[in-house]
Amino acid sequence: MLQAELLSDGELAPHEFDVRHAEALQMAGPWGQAFPEPLFDGCFDVVQWRPLKERHLRYTLRLAGVAAPINAIHFDGWRGQAPAPRVHLAYRLVRDDYRGGEAIQLIVEHSEPVVA
């Protein structure tokens, strides 16, 4: 039987959540078949969340060691109920061009609740 599998490049350190690292990842490509874009994972506290267009989920996250909140979006991630207060995410770190400036965001590929 076929099973979906996510392979992670590990966790990012708190100091790596910045535009410089997001741009370095973007410039390291091109990404494609047999050379996938780096995917990271980690546990985050959910500060705020909201559904977008009844399909997607927008997060504001907190991570110990990172001063500013982290924005994230999970395309097709809305399941009709609130996410857990703490989540384990598989994500890509990207520059948030929509907001401009020095903002970053996480593109969430997979989310699971963290059970205490």
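The values are calculated or read from the model by the stated rules, or taken from the named source; none is laboratory data. Keep in mind that this is a model prediction, so the values were computed, not measured. Virtual Cβ from ideal backbone geometry, glycine too; neighbours counted across all protein chains shown. Areas reflect the complete protein model, heavy atoms only, side chains present, ligands, DNA and RNA absent. Shrake-Rupley method; radii C 1.70, N 1.55, O 1.52, S 1.80 Å.
Some observations on this one:
- Residue within segment 29-46 that is of a type in the set (A, V, I, L, M, F, W, C), farther than 16 Å from GLU112 by Cβ and touching a strand residue (DSSP E or B) at 6+ places or on another chain (Cβ under 7 Å) present: no
- Leading residue by the ranking (surrounded by the most Cβ atoms within 10 Å (Cβ to Cβ)) among those in segment 84-103 that are more than 14 Å from the chain's Cα centre (by Cα) and at negative phi: ALA84
- Number of the exception - ALA24 against (1) assigned to a helix (DSSP H, G or I); (2) in contact (Cβ under 8 Å) with a residue 24 or more places away in the chain: (2)
- When GLY65, GLY10 are checked against the criterion of being surrounded by fewer than 11 Cβ atoms within 10 Å (Cβ to Cβ), free of Cβ contacts under 8 Å to residues at least 60 places away in the same chain, on the phi > 0 side of the Ramachandran plot and within 13 Å of the chain's Cα centre (by Cα), GLY10 stands alone in meeting it.
- Listed conditions (1) surrounded by fewer than 15 Cβ atoms within 10 Å (Cβ to Cβ); (2) in contact (Cβ under 8 Å) with a residue 24 or more places away in the chain are all met by ALA34, apart from (2).
- Within segment 28-116, strands (runs of 3 or more DSSP E) holding 3 or more residues that are closer than 24 Å to HIS15 by Cβ and in contact with a helix residue (DSSP H, G or I) (Cβ under 6 Å, 6 or more places away or on another chain): 86-95
- Hey, PHE44 open to solvent by 40 Å² or more (accessible area, probe 1.4 Å) and of a type in the set (Phe, Trp, Tyr) or not: no
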